[in-house]
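The values are calculated or read from the model by the stated rules, or taken from the named source; none is laboratory data. If you're wondering where the values come from, they're calculated on a predicted model, not measured in any experiment. Note that each Cβ is placed from the backbone with ideal geometry, even for glycine, and that neighbours are counted across all protein chains shown. Ligands, DNA and RNA are excluded from the accessible area calculation, which covers all protein heavy atoms including side chains. Shrake-Rupley method; radii C 1.70, N 1.55, O 1.52, S 1.80 Å.
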Amino acid sequence: MAKKRTPEFEKALAELEALVERLEQGDLSLEESLKAFERGIQLTRTCQQALAEAEQKVEQLLAEDGSPEPLDREPDA
């Protein structure tokens with residue numbers, strides 16, 4: 001299952017990066033910009049879902065292995 005998700009994530013991320021680049025250039029009309037923004041939101045959600053599933057899988061594998069808990073995402077200041 002993870003092998004199917006990785007190309008989907010990579011493809012969505014690449015498309016999102018291209019959309020951001022196009023939007024940053026400022027050459028799009030308002031309508032085109034809104035459509036690109038809407039697509040970007042969809043791609044962001046796809047990427048977030050894939051990352052959440054990967055994180056869940058890692059946590060599950062660590063729990064099955066008896067390894068220590070994963071580190072906090074944010075370091076203490």
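The stretch between residue 41 and residue 27 holds 3.1 nm of extra length on full extension. This uses 0.36 nm per residue minus the Cα-Cα distance.
Pop the C-beta distance of residue 57 and residue 14 into the FRET formula with R0 = 22 Å and round what comes out to the nearest 0.05. Walk me through the intermediate numbers first.
Values: r = 22 Å, r/R0 = 1.01.
Between residue 57 and residue 14 the formula returns 0.50.
Leaving ligands, DNA and RNA out of it, report the carbon-plus-sulfur percent of the accessible area of segment 3-60 at a 1.4 Å probe. The computed percentage sits at 54.
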